[in-house]
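Any read-out appearing in this document is the output of simple, stated calculations on the displayed coordinates, not a laboratory observation. It should be emphasised that the depicted structure is a prediction, and the values quoted were computed from it without experimental measurement. Neighbour counts run over all protein chains shown; Cβ positions are idealised from the backbone, glycine included.
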Amino acid sequence: MVYSDGSVSTYEKETDSNNRNPYYMLYQQGYRREYDTKVQSKLTLNQDLKFITPGLSAKAAVSFDLVSSLNKLRNYSPSKYHATGRNPETGELILSQVVAGSPDVKEIAYSGSNYNRNIYIEGSLQYNNVFAGKHDVGAMLLYNMKDRQLSTVALPYRKQGLVGRLTYGYDNRYFVEANFGYTGSETFAKKYRFGFFPAVGASYIVSNESWYPEGLKNILSSAKIRASFGRTGNDDTGTSRFLYRATFNESGHTFNQGIGSNSATNGLGAGIYDLQFENNTLGWEIEDKINAGLDLAFFNKGIQLQVDYFNNLRSSILLQRNTVPGYAGFHENPWQNYGKVRNQGIDASIDLSHRFGDWKLSGRGTFTFARNKVLEIDELTPTEEYQRVTGTRINEHLVYIAERLYNEDDFIRSENSNGTYHYELRPGLPVPALGGIIGPGDIKYVDMNNDGIIDTNDKVRGIGHPYKTPEINYGFGINVEWKGIYASMFFSGVANTSVLLASGNNTFWPFNWGTEKGNYRTAFLDRWTDDNQKQDVFSPRLHVGYGNSINDEPSTWWLRDGSFLRLKNIEVGYVLQEKALKKIKLNGLRIYLLGENLAVFDKIKFWDPEQGNRNKGVSYPMSHSFSLGVEVNF
Amino acid sequence: MKNNIYKRILCVALSALSLLSCDYLDVSDELGGISSFENIFNNVDRTKKWYGQIFAERPDYSDLWAATSPMRNAWSGYADEIFTREHRKYGKYSNWNSSLGYNHRWSRLYASIRQANIFLEMAHPLVGEGGSDALKITEEEMRIFKANARFMRAVYHYYLFEMYGPIPIVDKSYTLDNLPDLERNSVDEVVTWLDKEFEACMQDMYQESYYDNDQMRGVPTKGAAMAYRAKLWVYAASPLFNGSWEYAAGLTNKDGKKLFPDASEKSEKLDNAVKYLKEFIDYAEAGRYSLVNTGNPEEDLYNLFQ
């Protein structure tokens, strides 16, 4: 914000970086220029080897990509003022300078640059041939290597692999396919770098059978049944690479052997201790996939339907062990290939298209439902069975169950000498041991294990749906076209996900950082107060500083259905027809207006639902955008 | 002709594969730094740094403000006479339970015990390379280092014993591959083992007080081991450790092993306590240590920390 005389305002005193002035941050700090450059190059060599045998060919390809960016910053910091009042005679503001800035614009400076280089090399042999008009045989063998070098990481990321595939089709009806990947990753120790990942599949096009009735073809014009199973691998170890190597901390405790007259002396230097053991047997995480599907086309491909069932089992998941006893004395828990997760569900899509006269109408819809289950994770036997992770879904919420708000009747009230009241919970009610003052209007949690105390053992896992990973994803859209003029819209949405508005230290709470540094969302106007002792309010009573309250615990009170439907885009445009194009000697011309992220229907209301779980409400929201474009092809 | 081409393609393909696959993925070979215990214990400086780390958790009773540290003086802040903001934040007025407790020594001290175990197993003298001026650790130095490491290992067990009573004795280092399920040792086993350890390490520790040597005053000597041994037996003879506390008397391991001794076994421990206290006092009074006693207790307390 600025004062009426244009000077930048601030707090009486800036104690930390949370004393922010958004206006100043947006408009009074200078600018940054960002230059992005992408260079992509690919060289491919194809060689027909029919002089050896018909149908054989070879291919070699090299690609070299460079992505670089360069930032330049030109900034300044204006002085900031705090007004204490107005001069009673002139009416001018009385300003005191809080921050003495340097108002001159600084010289332009580099503020970071980086470049990433990718090199990809592959060589392959292909064979395709049809024998006796019926036997369609194909084979492929491919070798590839990838090298990714980031300017911020000295060691490159490399991968190397051999891929093979054999296909056989009989009479366009029966198809079988077998393939394998033999992939090496630099992440693991020498003997465990390569993983072998085979897969087989078969399909059957029923509608190509000779006995398939012609009459049925008008309705069900094509039908295909598919099934496959195979194995894939994952070598992503997160941010830490080369987990198999032993690691040591070399900045430990400095032992000073002597005690001089003024200070400790004769030190041995920063201590060394071991972190990770050498573990050469770490290897690929494995996923076994089973897939069965149907491809159907109706009414001369006016409706195309594709349905898949999948059942994937991830095993040997690379994770850090939890159940290591303290007496082992490890500074860091070791990594192992451990853990199993099953993920199954269906995946479907439908395409519709219809033409009548000059009108063309088409639609498209997709739907995915996936449910996972943790089969094996290295967890300690939980104190309470309802906190067990094994058997539940990934990213489940672990929350208290909010029963209601406390009433006056739940307490014995006594008056303090200064006129305020002291509330003592009535005997027999479970006592919260959560660190905070309680009184009427605070959330009463359910004592799940009936031990008379409400503590972390009363949190329940699996309330609502998981966060971050919605189980249902869907989308649908429609497109209408008439003589080159078209209009389309597309929706996408998710369901079966839950969002916790906030927990713990969080800016969602009114005045979380004190009265001068926090937001107050209007939703909190609907809250429990002395004069408004209702249960169906949005917020329990407010406290000075949320650390003093038990209401900031994660609980069902703050849990919301995270499903939403978003109007992703609407586009209207006009494509110039061929006749007109010939006149102006162009290959194509399109004019369009595109609007993106135009509306969202959700149950959270406070922030964009796609920002997900707690704390996300404070990050930069998704923007609406409109673009008007002209596309010309010469 | 055809055969030749086959051969050629095969040759090119194979040689390309073999050339590339050999070391293309050896990215981690370019990493440096310490990657094994040999890198440490074949180097004088690093051996000493590993040795120094063993002392990381030695107690400091003069630090009254450290509310969460189990090896400093967190305890006085929990008493009613003193109020510190830190202790208010960490558990002075809130409930402690199985999932919420402060000032635990368990993992921290076992980490330091592992540090000592690895040193005892792997460290060795480093002499004879680089001429007479080169850094070295002589046989004699290493003998004292190891005695000190063994002493610290016993001291950490002693502090675990002080807090938890029966504890697993860990006298070797483990990795995930050979980590056993250790049961708690009984109080008597812990006391006997600690007594034996203090006895053994004090043979090779520095025999005199370092009082006059300001370069070495921070290093424990034989006197410290004698003092710990005496205090150990005072605990061992305490009625609390000998069946007078009902809860402890019934405590057993899963296999039924009793962890606290019965009351009747106490007298011999009391004799030991007297014996080792006397031994220590005699050792101290032979011109080594004396009590800070000027007749003014406030001044004495002040001087104690100077």
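Summary table
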item: On Cα atoms only, tilt of B:139-164 relative to the major axis of chain B in degrees; result: 60 degrees
item: Between helix B:2-23 and chain B: long-axis angle, C-alpha atoms, 0 to 90°, nearest 10; result: 20 degrees
item: Chain A - convex hull of alpha carbons, volume per residue in Å³; result: 343 Å³
item: Dipole moment magnitude, nearest 20 debye, segment A:1-110 about Cα centre, only Lys, Arg, Asp, Glu C-beta charged; result: 680 debye
item: For B:101-112, mean number of other protein chain Cβ atoms within 10 Å; result: 3
item: Distance in nm between pseudo-label sites at residue A:522 and residue B:107 (7 Å out along the Cβ direction from Cα); result: 4.7 nm
item: GluC sites (Glu not before Pro) restricted to segment B:176-281 and DSSP loop, no more than 13 other C-beta within 10 Å; result: B:183, B:208
item: Theoretical gain in end-to-end length, residue B:211 to residue B:281 [0.36 nm per residue, Cα-Cα removed]; result: 23.5 nm
item: FRET efficiency, 1/(1 + (r/R0)^6) with R0 25 Å, evaluated for residue A:634 and residue A:485 via beta carbons; result: 0.60
item: Where only alpha carbons of segment A:276-325 are counted, the Rg and the Dmax (Å); result: 20.9, 66
item: Kirkwood Rh in Å, taken over segment A:84-222 so that all alpha-carbon pairs contribute; result: 22.5 Å
item: Label-point separation, residue A:322 to residue A:15 (7 Å along Cα→Cβ), nm; result: 3.8 nm
item: Theoretical ellipticity at 222 nm over the protein assembly as shown - DSSP helices of four or more residues, -39500 (n - 2.57) apiece, nearest 500; result: -5500 deg cm²/dmol
item: Protection proxy ranking, peptides B:162-168, A:124-130, B:228-234, average beta carbon neighbours within 10 Å, highest first; result: B:228-234, B:162-168, A:124-130
item: GluC sites (Glu not before Pro) restricted to segment A:381-467 and DSSP loop, no more than 11 other C-beta within 10 Å; result: none
item: Reachable aspartates and glutamates, given that their alpha-carbon falls under 17 Å from the alpha-carbon of residue A:191 and they are not under 8 places away in the same chain; result: A:235, A:278, A:285, B:23, B:26, B:29
item: For segment A:211-281, diffusion coefficient by Stokes-Einstein and Kirkwood Rh (Cα), 10 °C, 1.306 mPa s, µm²/s; result: 82 µm²/s
item: Folded to 0 to 90 degrees: helix B:44-53 orientation relative to chain B principal axis, Cα; result: 50 degrees
item: Global form of segment B:135-187, assessed from the alpha-carbon gyration tensor, a/c cut-off 1.5; result: oblate
item: Spatially close lysines, pair count over segment A:416-562: Cα under 27 Å, gap of eight or more or interchain; result: 4
item: Gain on full stretching of the segment that runs from residue A:109 to residue A:513 - 0.36 nm per residue minus C-alpha separation; result: 142.0 nm
item: Residue-count net charge about residue B:49 - beta-carbon cut-off 14 Å; Lys, Arg +1, Asp, Glu -1; result: -1
item: Rounded FRET efficiency, nearest 0.05, which uses the C-beta distance separating residue A:622 from residue A:298 and R0 of 41 Å; result: 0.65
item: Pairs from A:289/A:605; B:172/B:222; A:360/A:585; A:224/A:289; A:72/A:568; B:92/B:278 whose Cα-Cα separation, in the structure shown, is over 29 Å; result: A:289/A:605; A:72/A:568; B:92/B:278
item: FRET E, pair residue A:1, residue B:304, Förster distance 60 Å, beta-carbon r, rounded to 0.05; result: 0.55
item: Total formal charge among the other residues, if their Cβ is under 10 angstrom from that of residue B:230, Lys/Arg +1 and Asp/Glu -1; result: +3
item: Residue-count net charge about residue A:579 - beta-carbon cut-off 14 Å; Lys, Arg +1, Asp, Glu -1; result: +3
item: Reach of residue B:196 by Cα under 13 Å, taken over aspartates and glutamates that are not fewer than 8 positions away in the same chain; result: B:171, B:188
item: Qualifying lysines (Cα of each under 21 Å from Cα of residue A:59; at least 8 residues distant if same chain); result: A:42, A:50, A:146, A:159, B:2, B:7
